[in-house]
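Worksheet: the structure to be examined is printed underneath.
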Amino acid sequence: MGIQDIIEGKKQWRAHLARVKALPADYQIVYKEMQRYFFKVGPTDLTDGNLLSGIVDFFEEGVAAGKGVLELIGDDVAAFCDDLIKDSRTYADIYQESVAKKSGS
């Protein structure tokens with residue numbers, strides 16, 4: 001990864017954060033909780049940016065439709081997040097596999 005890639009990545013991340021900050025406060029709170037959850041649970045492809053930017057797209061559509069954030073995702077934010085990544089490999093999966101290998105050796 002070259003310096004240009006790093007600079008471009010930072011520009012894209014700043015633009016992403018600007019979109020988040022443009023959302024209503026309730027959407028921002030839920031987005032930050034979702035982001036924290038994903039960084040903790042860790043779908044391994046999170047860094048490609050599609051998941052988080054897709055959530056912002058979805059939230060922007062909800063705002064445009066005049067819906068509250070919980071109308072879109074339901075009351076259980078973690079369950080919504082789990083459903084989004086149910087088919088993704090997570091860091092938790094990798095950890096479980098490494099523990100299973102160590103105990104099986």
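For segment 1-34, give me each residue that is among the hydrophobic types (A, V, I, L, M, F, W, C) and part of a helix (DSSP H, G or I). Talk me through it step by step, then tell me what you get.
Initial filter on segment 1-34 (among the hydrophobic types (A, V, I, L, M, F, W, C)): 1, 3, 6-7, 13, 15, 17-18, 20, 22-23, 25, 29-30, 34.
Ile3, Ile6, Ile7, Trp13, Ala15, Leu17, Ala18, Val20, Ala25, Ile29, Val30, Met34, listed by residue number.
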> If Val99 passes every condition in (1) without any contact (Cβ under 8 Å) to a residue 24 or more places away in the chain; (2) surrounded by 12 or more Cβ atoms within 10 Å (Cβ to Cβ) but one, which one does it miss?
Replying inline: (2)
>> I need every pair where a residue in segment 69-84 that is over 19 Å from Ser53 (Cα atoms) has its Cβ under 8 Å from the Cβ of a residue that is of a type in the set (Gly, Ala, Ser) and surrounded by 14 or more Cβ atoms within 10 Å (Cβ to Cβ), sequence separation at least 6 or different chains.
In response: Glu71/Gly62
>> List pairs: first residue in segment 19-40 and touching a residue at least 12 places away in the same chain (Cβ under 8 Å), second residue outside any helix (DSSP H, G or I) anywhere in the structure, Cβ distance under 7 angstrom, at least six positions apart or on different chains.
In response: Asp26/Gly68; Tyr31/Leu23
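No value in this document is a laboratory result; all are computed from the given coordinates. This one's a predicted model, so the numbers in the text were calculated from it and none came from an experiment. Cβ sites come from the backbone with ideal geometry, for glycine too, and all protein chains shown count toward neighbours.
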